[in-house]
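Q: Below: one structure in structure tokens.
Any read-out appearing in this document is the output of simple, stated calculations on the displayed coordinates, not a laboratory observation. Source: prediction; values computed, not measured. So basically every Cβ, Gly included, is an ideal-geometry build from the backbone, and we count neighbours across all protein chains shown.
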Amino acid sequence: MHAFRIGKLLGLEIRIDWSWVFIFVLLTWNLSSIFSRWHPDWSPAETFSVALVASLLFFGCILLHELAHSLVARRHGLRVRSITLFLFGGISNIEHEPPSARAEFFIAIVGPITSILLGVGFLAASLVTAGVSLAHADTALNGYARLGPLETLLAWLGPINLTIGAFNLIPAFPLDGGRVLRSILWGIGDDLRTSTRRVSAVGQMFGWLLIVTGSR
Ligand SMILES: [Zn+2]
């Protein structure tokens with residue numbers, strides 16, 4: 001992987017893959033256009049600054065999600081070398097398979113839980129800070145227009161973290177939900193290899209389901 005190191009956090013090396021730079025630019029660009037629709041009265045510089053901060057905070061949230069996996073893995077005695085942020089999010093470079101079904105369950109589930117808690121936290125904060133301005137709005141877009149920069153950030157970060165949490169719970173590899181399901185199958189009696197095979201089958205089923213529902 002073409003990754004470069006940006007620093008160390010809690011003894012873990014934090015790295016960024018080059019693909020991440022691409023997605024960072026794309027996200028900031030995309031958010032600039034969303035926020036300019038929400039806030040026609042903002043200057044381009046203002047819109048761009050808020051979009052840039054939103055992208056940075058978004059990747060901060062992904063990093064927290066990965067940190068949660070890594071820290072729980074370390075608690076279970078696994079060595080974690082580094083965390084790499086790449087195109088589709090993050091990856092914790094954990095050495096070896098988890099020692100038990102229980103360990104795998106907690107290592108996997110703590111990521112989505114972290115994202116969901118972040119989402120609920122940001123949403124609650126946005127309701128508290130923006131509640132007054134939203135109460136006076138007659139349409140949703142009008143409501144967004146009344147949000148200040150901080151409230152705009154919170155209103156975007158809440159739902160996006162909830163989405164990341166929920167998406168990662170889909171029981172298919174390489175998503176966290178796939179590992180959660182494997183740990184449950186492993187825990188109720190299957191060996192690791194059979195559990196892996198069964199989860200792969202479930203994942204394929206989900207893939208087909210997406211194709212079938214998407215093609216309608
Ligand atoms: Zn995860």
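Q: With only alpha-carbon atoms in the gyration tensor, what are the semi-axes of the equivalent ellipsoid for the chain, in Å, largest first?
A: Working through the eigenvalues yields semi-axes of 35, 21, 17 Å.
Q: Tell me the mean residue ellipticity at 222 nm calculated for the chain from its helices only (DSSP H runs of n ≥ 4, each -39500 (n - 2.57), averaged over every residue, nearest 500).
A: One gets -24000 deg cm²/dmol as the mean residue ellipticity at 222 nm.
Q: Working out 0.36 nm times the residue gap between Leu192 and Ser49, then minus their Cα-Cα distance, what length gain in nm do you get to one decimal?
A: 46.7 nm
Q: Here's something else I'd like to know. Over 12 Å, how big is the tail of the calculated P(r) for the stretch 170-216, in percent of all Cα pairs?
A: That tail contains 58 percent of the Cα-Cα pairs.
Q: In nm, to one decimal, how far is the Lys8 label point from the Arg75 one, both placed 7 Å along Cα→Cβ?
A: My value for the distance between the label points is 2.4 nm.
Q: While we're here: When only C-alpha pairs under 8 Å and at least 6 residues apart count, what is the relative contact order of the stretch 170-216, in percent?
A: It comes to 37 percent, rounded to a whole number.
Q: Which whole-Hz couplings ³J(HN,Hα) result when phi for each residue of the stretch 55-63 is put into the Karplus expression 6.51 cos²θ - 1.76 cosθ + 1.60, θ = phi - 60°, listed in order with x for Gly and Pro?
A: Ordered by residue, 3J(HN,Hα) equals 4, 4, 5, 4, 6, x, 5, 4, 5 Hz.
Q: Hey, another quick one. Helix 18-38 versus the longest principal axis of the chain: what is the Cα-based angle in degrees, 0 to 90, to the nearest 10?
A: Roughly 40 degrees between the two axes.
Q: Where in the stretch 157-186 does the label zone of Ser100 land, with the point 7 angstrom along Cα→C-beta and an amide N cut-off under 15 Å?
A: From the stretch 157-186, the list is 183-184, 186.
Q: So what are the three principal axis dimensions of the stretch 12-116 from its Cα atoms, in whole Å, longest to shortest?
A: Cα spread of the stretch 12-116 along its principal axes, largest to smallest: 55, 27, 17 Å.
Q: Relative contact order for the stretch 60-104: what is it in percent, counting Cα pairs under 8 Å that are at least 6 residues apart?
A: Result for the stretch 60-104 is 36 percent.
Q: Below 8 Å, C-alpha to C-alpha, sequence gap of six or more: please give me the relative contact order for the chain in percent.
A: Relative CO of the chain lands at 17 percent.
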